[in-house]
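Values quoted throughout were computed directly from the atomic coordinates according to the rules given, and no laboratory measurement underlies them. What you are looking at is a predicted structure, and each value in this text was computed from that prediction instead of being measured. A quick note on method: Cβ atoms are made from the backbone with ideal geometry, for glycine too, and the neighbour counts reach across all protein chains shown.
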Amino acid sequence: MDGTGIADSPNPIPAARALVVVTGAGGFIGTHLLRALREAGFRTRAVTRMRAGGAGLPDAAETVPHPGVSPQADWRPILAGAQAVVHLAGLAHLPVDDRAMRQALRRINVLSTHRLAGAAADAGIATFVFMSSIKAVADHSGDQPLTEASATRPEDCYGLAKRAAERRLERLARRTATMRVLILRPPLVYGPGVGANFAALLRLVGRGLPLPLGAIENRRSLVYVGNLTAAVVRCLERAEVPSGIFHVSDRDAVSTPELVAAMARAQGRSARLLPVPPSWLGYAAAVTGRQAQFQRLAQSLEVSSRRFCETFEWQPPFSLEQGLRATLKGTG
């Protein structure tokens, strides 16, 4: 039993050339992970609604259709012959202000995850890696980085669903002696193909527009997708590590002004930062209904990945600058 209360597993994944099932393989993280697994010598079975070679999906990946999220979904043919599952699939970036969306979040992100993990245990899978989120802990960290020992206080429906899925997996891991469960909690993931607010900020910085963010004093952790996929590969390679929950991030946290400056350098520009008082920005955000976006820019969300690095004897292979350059190269 490890420090998170999840039982150890005596049945680790075999060495290279093992078959890994990846759900959500057609998504942002999934397409990068398929390539990282292939480069590390693993065979992959991609569970996706896409065809091989479509939308960045590698041609070399064996692809199978997703069986659905109902209780009748049959995972047995998909899991046959596999030694590991990396579960990325789920709903994200959805409006959850109505009951139907909240129900869909629970059905897909919680119940379907639990059923897949149960099927994996029944199929003799050695390792189940679940991609959770730091939002299962909190949306901000205050003065201290969030660790695996931090009290969990998810602040929105997405974070609540991730934490609910984690709890179910913890219970399952205690009941099975044949499958280890590794739960990863990344912060914001960036890299080629990233969208949403990160891509929008990159574009603003690239246009040389002055940004009123120079007076913000915070600490934010990020994780480059190449670092995250390298961490997943490390999970599979280090078969002796037992079940547990781990935070994964880039090596160093940065302030919002430092991030903007790094984005500018990656694009051959100088950052144009105006020292507008954060209280003024907060008032403007409240008036325009952009409180959530302002909080992500102004509050701290620092994550400690020390436990992962020490347990797996690993360090992120890419720096923030390398990750930003790769992101720009991949997104044009």
Dividing the Cα radius of gyration by the Kirkwood radius, what Rg/Rh value follows for the chain? 0.97
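In percent, how large is the relative contact order of the stretch 92-214, given Cα pairs closer than 8 Å and 6 or more residues apart?
Normalised by residue count, the contact order of the stretch 92-214 is 31 percent.
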Under a GNM of the chain (C-alpha, springs under 10 Å), which listed residue has the highest mean-square fluctuation: SER141, SER132, SER243? SER141
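Restricting to Cα pairs below 8 Å that are 6+ residues apart, what does the relative contact order work out to for the chain? Please round to a whole percent.
Relative contact order comes out at 20 percent.
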Checking the stretch 185-249 for trypsin sites (Lys or Arg not before Pro) in a loop per DSSP with at most 12 other beta-carbon atoms within 10 Å yields ARG207
How large is log10 of I(q)/I(0) for the stretch 226-304 at q = 0.12, 0.16, 0.26 Å⁻¹ when the intensity is taken from the Debye formula with one equal scatterer per alpha-carbon? -0.57, -0.82, -1.24
Arrange LEU116, LEU204, LEU274 by Cβ neighbour counts within 10 Å, fewest through most, would you? LEU274, LEU204, LEU116
Just PRO67, PRO316, PRO187 to compare: in a GNM of the chain, with alpha carbon springs under 10 Å, which one fluctuates most? PRO67
Give me the net charge for the shell around LEU19: Cβ to Cβ below 10 angstrom, other residues only, Lys and Arg +1, Asp and Glu -1. +2
